[in-house]
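Data block below; observations after.
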Amino acid sequence: QVQLVESGGGLVQPGGSLRLSCRLSGSIFSLFDMGWYRQAPGKQRELVAVVTPGGTSMYGDSVKGRFSISRNNAENTVDLQMNSLKSDDTAVYYCNARRLGTFENDWGQGTQVTVSS
């Protein structure tokens, strides 16, 4: 059974940086596309970034040029480096694992990111 454990959320000032990390256990990491999604109060969950086992990444329009996703296949982790944070980035951030070739998704418990002065 896949388990995803996130870390790294918190409070940061506008313009600051934060790094989120997620570790997968219970399955073979290379079988999954790994991603980050976020959900702000009153809004739908949206894609932040996703990275394939081979390292190809894709980003949501609102974070392009500011966020960077990376994965370490040896340690079963995926990180999200967030720079130039804005108040609009405030949300609960969820780690996602999607099994290749399927629509099967697993989710982490979520970590709060708050951007405020």
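The values are calculated or read from the model by the stated rules, or taken from the named source; none is laboratory data. Because the structure is predicted, anything quoted here is derived from the model rather than measured. Positions of Cβ are generated from backbone atoms using ideal geometry, with glycine treated the same way; all protein chains shown enter the neighbour counts. All accessible areas refer to the heavy atoms of the entire protein, side chains included, with ligands and DNA or RNA removed. Shrake-Rupley method; radii C 1.70, N 1.55, O 1.52, S 1.80 Å.
For Val115, the accessible area of its heavy atoms, probed at 1.4 Å with every protein chain present, is near 10 square angstrom. Translational D (Stokes-Einstein, µm²/s) of the chain at 10 °C and 1.306 mPa s when Rh comes from the Kirkwood sum over C-alpha pairs? In µm²/s, the coefficient rounds to 113. Within the listed set Phe29, Phe103, Phe67, the Gaussian network model of the chain (springs between alpha-carbon atoms below 10 Å) gives the highest mean-square fluctuation for Phe103.
Taking R0 as 30 Å, what FRET efficiency do you get between Leu31 and Asn83 from their Cβ-Cβ distance, rounded to the nearest 0.05?
After rounding to 0.05, the efficiency reads 0.50.
Using a 1.4 angstrom probe on heavy atoms only, work out the carbon and sulfur share of the accessible area of the chain in %. Could you put the intermediate results ahead of the total?
Values: 2920 of 6220 Å².
Reported share for carbon and sulfur atoms: 47 percent.
Sort 54-64, 15-25 by the packing proxy (mean of other Cβ within 10 Å over each peptide's residues), most packed first.
For the peptides 54-64, 15-25, the packing ranking is 15-25, 54-64.
On full extension, the segment bounded by Asn105 and Glu46 gains 19.8 nm, given 0.36 nm per residue less the C-alpha separation.
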